[in-house]
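Asks: I'd like to ask some things about the structure below.
The values are calculated or read from the model by the stated rules, or taken from the named source; none is laboratory data. Bear in mind the structure is a predicted one, so any value in this text is a computation, not a measurement. Here the Cβ is made from the backbone with ideal geometry for all residues, glycine too, and neighbour counts use every protein chain on show.
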Amino acid sequence: MKILHLSDFHFKSTQKDVATQDLLLEKLFESIDTNEKIDFFLFTGDLVFSGTDKNDFSLAYESFLKRIGQRYSIPKPNVIICPGNHDVDRKSINEPIKNYIRAFSSMDQVSKIVEENKEDVFGLSCKPTKNWYEFETEFYKIGITKNTDKVEKLHSIHIRQYENFKIGFVTINTAWCSTGNDDKGNLFFPKTEIEKAIAELKAQNVDWRILLLHHPLADLRDFNRIAIEDLIYAEFHFMFSGHLHKREDFIRLMQNEGIFGSYAHASFTKKEDGKIGYSLLDIDLETADIILRKAIYDHDERIFITLPEIHFTFPLNQTKKDQIKILKTLRNRLADVTEKANALFVHSKVHQNGNSFCDLFVHPVLKSQPQLEAASQSSQLPRIEIKKLLNNYNYIIYGKDKTGKSSLLFKIAIELLKNFTQVGEIPFYVDLAEFRNNSATFDVVRLFSKYIEHNNQHTQKILETYKVKVLLDNFDPNQKELISKLSAFFTIYKKCNYIAVADQTLAQSFEKVDYGLNGYEKVFIHDIARHEIRELAKRWPSIQAKKRDEFVDRIVDVLKQHNMPFNFWTLSIFLWIYSGKNTLNFNNNSELLELYIDDILDRNKLASDPQNRFSYQNYKLLLAEFAHELLTKHVDTTYSVKYSELITFTESFKSKNLKRVGKTSEIVEYLLEKGILKKKDDDYITFRLNGVFEYFIAYHFIENQEFLSEMVNDDRYYLSFKNEFEIYSGFPRNQNENKEFLKKIFARTKSAFSELNDRMVGELDFRLNQNISGKELLDLSKPLIELSKNEDLIPYTTEEKDELLDSLTNNIIKDVEVQRKKVYDASVKKFDILERFLQINGRVFKNIENIQDADLINEVFDFIIDSACNLGFLLTEELEEGVDENKINELQYSSGKNVVYQMVSNFLPSVVQGFIHEAIGHINLELLILNKIDELKKNFYANQYKLFILYSLLLDIDLKKHKKIIDEMIEFSRMGIVKASILAKLMYLLLFKCFDDDSMIAFMKEKIRKINLDMNPKANMKDFDLNFEKTRKILLLKRSGVDNI
């Protein structure tokens, strides 16, 4: 029996398209000998380009189907057709019905809509394929009257006799819920329709069952695909489909999965969209031998090139049963692996909302070089996509602790299991950590035999027949015996390859060691960035779209400030904190870190476990004392101790209070298990994260005020305790304690700034003018005005903003491990030293609550503003020291110092405002800022610099709430440098804060227009208005998801 398989003709009736189609048909006829006896012509969908015009189907039949049938003497009944997504009348798609069906989450819902057969639901859902249905019914009208053909809306059945064999063809309408734009993973098909067709074929006692469909089964929603895939693979012998327009020369044939399946190239498509081709299958129904011949069209030579024949033997009887058994076993393994993957989340409670591992998984940042080496390169390394890891090569993936190595393996396993019938590869996960202490029991074949549920003999045959990807977790190069056994396994079973994940060390980063595992490529997991944080926030069930920016910004700030790792483990904890509190708007970082510690220590579990004898509070006190012990007595080992020393220390801690009970070893193991502490490469134990180490030092300040005073007064180490002082300032204490601590920090800062502040005398505005007068500075206000008129000044999408901000910090290596405290020379009154003093003062001031001393609050606030402005003047002085005076009026891009000097000098108010916002910008200072503005407005001529800073602080705190002050901000500015800074600020707010808000875009346009006119009253604003209208239209396109803007 010979079958010609074609697909995706995409008929168009224009003169040009008809000519092209005719040419292709002639080339097809030249390629397939006229004397070739073809018994059946199978066409798997997309007969026409658009199903809107009913007449196109008749024209396509005449110009394509009929001509092929006549050419090769194929009777019309032996032409079997099914619909595709292009055969849909998309103008008839009912959006509410489409959305209703797409919300389905079970097979019962899909089947019910068909069984109920309601006109206002199922009827409307079938309306887009009405033209096809009428064409198909007419096409088979003779067979329908003879009961050899049955055509229904979602499937058709065709019974044919070939020699001594009865053949049963079934076509299914996978285009039922197709929209053409986002079909993959969003199609549905009722299992009951397939069951009806199979029952009919069995009633007819057919010998061979053949299925035709347009879309691959992978395009169905997962639950739907799994439900019908097992049925199809068990009940049909052949499956033919199209749609993919495969560009690859190789098309996988699903012989090993108990069914013979083939995808067809498109019969007519553009060169850039895929390949044109056909398939000829010669099937011996007596012996079940199959010869496949495929041909691909060469657009340049205008000929079909025949590929080498491929020979198969179709799986029958016990072979087919065995293959179906493997398929069903892998279905069970999918459920098992998915359950284990779900447990990888720090909090499995997210599954209560129906969100699984796969729903929340975000691709890690994979690159070919380690992060340290990659950061030193000027050009960015491309990311490695997960799909690259699915080729037939071996990979070892290195990553630091808690970077998602296991999650990556589980994701690969799930994807391969879900798509086994498409890719034909069996994933096999092995955790090598289970065999570290008992390598003698490690036997890959035995483990795989248990996994695949076959005896040892059958398992070996499977390993020889199928491709198997072994996923090795916790790979350790030092486990020589395990590696030796793995090497022997891969030597015997040539179809198996591996992906291993291992902890990244410095040596492994730069050396490639031959482990005897058939060669491998190295891949490295890098820190995630804003892009990945936003992606996970999008998937997290409780974060509303309008809250994502707030979440991303706050998390990035906390992670950066406290040297916490940019990885999914840390991020998932903060996500759960957000889910529990539904906000990240905490008064200070201390509250957020407190919840982070609660979470890692699993406070709720400790409280609810009746077997627990060591309280949550005792764990915190133990860790605080341990942090102090490391800091004061173990500097030489970088704040780490041997395991035995930790045991001794814990015993000593317990002995101080008879109520502190619990087994010491269990207490220590709990801290290691929870990830608070960790073993280093030298087996010494320390805190896993520097930020957590700092938290517990700050927590120890509560119990040890003498130690706190010692650190505040220590000239060498005071500046290295910036984070600890900030965290401590956020802990709840009484008013007197808060006041005394603030006064201590304030006194230290005043002392450090005394020399600078005494030198910088006079009004700020006068000194700002004096700072730039007489200097050959470029007037950057003019190019800034021109930039503001540019039509490219379009608010950034969230993706564009993330990409920009990530690129600015892309080469910064974040060292999250515990580091020795840095010694600062506080006697040197340079910018970087004084900046750190002021940062400490600002953050402590921002965090401390419950001080009812208005005079002190105002004094500290005024001091921070004045000192920050003076610090800006000091910065310009230090930058000026290295600037070439002869070329000071040129932007020398070869001299970074010249560029920085020009930018800082021209926009000094903006530079200082950014520093002040980082130090004290918080909603709890809103009233203080407003009161200060009211005070300064009375003499705004002398306070323009300060007013700009205060207005900008309010806009950064809440732009929408305070947007009306922009008019005041412009009104009270008279100095050119302040006006330029206002324009820069408004442009920043437009670009970074206004993408999704038309009213804010219009508002910011008007204010930018106003400052432009204020700076240049003679300016022609017609171009500005015209370009802003273009901006508005481009924004609409971007929001609609239109690419290539």
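Asks: Residues in the stretch 922-940 that are in contact (Cβ under 8 Å) with a residue 40 or more places away in the chain and either of a type outside the set (A, V, I, L, M) or under 16 Å from D866 (Cα atoms) (or both): how many?
Replies: 4
Asks: While we're here: Answer with yes or no whether D222 is in contact with a strand residue (DSSP E or B) (Cβ under 8 Å, 6 or more places away or on another chain), surrounded by fewer than 23 Cβ atoms within 10 Å (Cβ to Cβ) and of a type outside the set (S, T, N, Q).
Replies: no
Asks: Another question, if that's okay. Can you pull out the strands (runs of 3 or more DSSP E) entirely within the stretch 204-288 that have at least 1 residues that are touching a Phe, Trp or Tyr at 6+ places or on another chain (Cβ under 9 Å), modelled with pLDDT under 90 and within 25 Å of I68 (Cα to Cα)?
Replies: Per the criteria, 260-263, 277-284.
Asks: Could we say that S867 is over 16 Å from N841 (Cα atoms), at pLDDT 65 or above, crowded, with 19+ Cβ neighbours inside 10 Å and small (G, A, S) here?
Replies: no
Asks: With the condition kept exactly as written, say whether any residue in the stretch 686-695 is hydroxyl-bearing (S, T, Y), within 18 Å of Y619 (Cα to Cα), out of contact with any helix residue (DSSP H, G or I) (no Cβ under 6 Å at 6 or more places or on another chain) and in contact (Cβ under 8 Å) with a residue 60 or more places away in the chain.
Replies: So far as the stretch 686-695 goes, yes, one or more of its residues are hydroxyl-bearing (S, T, Y), within 18 Å of Y619 (Cα to Cα), out of contact with any helix residue (DSSP H, G or I) (no Cβ under 6 Å at 6 or more places or on another chain) and in contact (Cβ under 8 Å) with a residue 60 or more places away in the chain.
Asks: Which condition from (1) at pLDDT 95 or above; (2) of a type outside the set (S, T, N, Q); (3) surrounded by fewer than 18 Cβ atoms within 10 Å (Cβ to Cβ); (4) within 12 Å of I840 (Cα to Cα) is the one that K743 breaks?
Replies: (4)
Asks: Condition first: within 22 Å of N99 (Cα to Cα), aliphatic (A, V, I, L, M) and either assigned by TED's automatic domain parsing to the domain that holds F122 or buried (at least 23 other Cβ atoms within 10 Å of the Cβ) (or both). Can you find one or more residues in the stretch 235-248 that meet it?
Replies: no
Asks: Identify all residues within the stretch 638-695 that are assigned to a helix (DSSP H, G or I) and aromatic (F, W, Y); write none if there are none.
Replies: Y643, F649, F653, Y670, F693, Y695
Asks: With respect to the numbered conditions (1) under 26 Å from I555 (Cβ atoms); (2) in a helix (DSSP H, G or I), which one is the sole condition not fulfilled by A752?
Replies: (1)
Asks: Kindly provide the set of residues from the stretch 603-621 that are assigned to a helix (DSSP H, G or I) and either in contact (Cβ under 8 Å) with a residue 40 or more places away in the chain or charged (D, E, K, R) (or both), ordered by number.
Replies: R603, K605, N618, Y619, K620, L621
Asks: Within 19 Å of A413 (Cα to Cα) and of a type outside the set (S, T, N, Q): which single residue out of K485, K461, K467 fits that description?
Replies: The conditions single out K467.
Okay, residues lined up against (1) part of a helix (DSSP H, G or I); (2) touching a strand residue (DSSP E or B) at 6+ places or on another chain (Cβ under 6 Å); (3) not assigned by TED's automatic domain parsing to the domain that holds H363:
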{"position": "A413", "(1), (2), (3)": "yes, yes, no"}
{"position": "Y429", "(1), (2), (3)": "no, yes, no"}
{"position": "E434", "(1), (2), (3)": "yes, no, no"}
{"position": "V468", "(1), (2), (3)": "no, yes, no"}
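Asks: Let me ask you something else. Of (1) in contact (Cβ under 8 Å) with a residue 12 or more places away in the chain; (2) in the same structural domain as L417 (by TED's automatic domain parsing); (3) part of a helix (DSSP H, G or I); (4) out of contact with any Asp or Glu (no Cβ under 8 Å at 6 or more places or on another chain), H458 satisfies all except one. Which?
Replies: (4)
Asks: May I pose another question? Restricting attention to the stretch 1-57, which residues are within 42 Å of the chain's Cα centre (by Cα) and aliphatic (A, V, I, L, M)?
Replies: L6, L42, L47, V48
Asks: Within the stretch 142-164, is even one residue surrounded by 13 or more Cβ atoms within 10 Å (Cβ to Cβ) and touching a Lys or Arg at 6+ places or on another chain (Cβ under 6 Å)?
Replies: Looking through the stretch 142-164, at least one residue is surrounded by 13 or more Cβ atoms within 10 Å (Cβ to Cβ) and touching a Lys or Arg at 6+ places or on another chain (Cβ under 6 Å).
Asks: Now for a separate question. Residues of the stretch 721-740 being surrounded by 18 or more Cβ atoms within 10 Å (Cβ to Cβ) and not in a helix (DSSP H, G or I), which ones?
Replies: F731
Asks: D53 passes all but one of (1) assigned to a loop (DSSP other than H, G, I, E, B); (2) surrounded by 19 or more Cβ atoms within 10 Å (Cβ to Cβ); which number fails?
Replies: (2)
Asks: Residue check: is T664 under 24 Å from T570 (Cβ atoms) and among the polar types (S, T, N, Q)?
Replies: Taking the combined requirement at face value, the residue does not satisfy it.
Asks: On to the next question. If you scan the stretch 961-979, which residues turn out to be small (G, A, S) and closer than 18 Å to M1004 by Cα?
Replies: Once the filter is applied, which keeps residues that are small (G, A, S) and closer than 18 Å to M1004 by Cα, the stretch 961-979 yields only S973.
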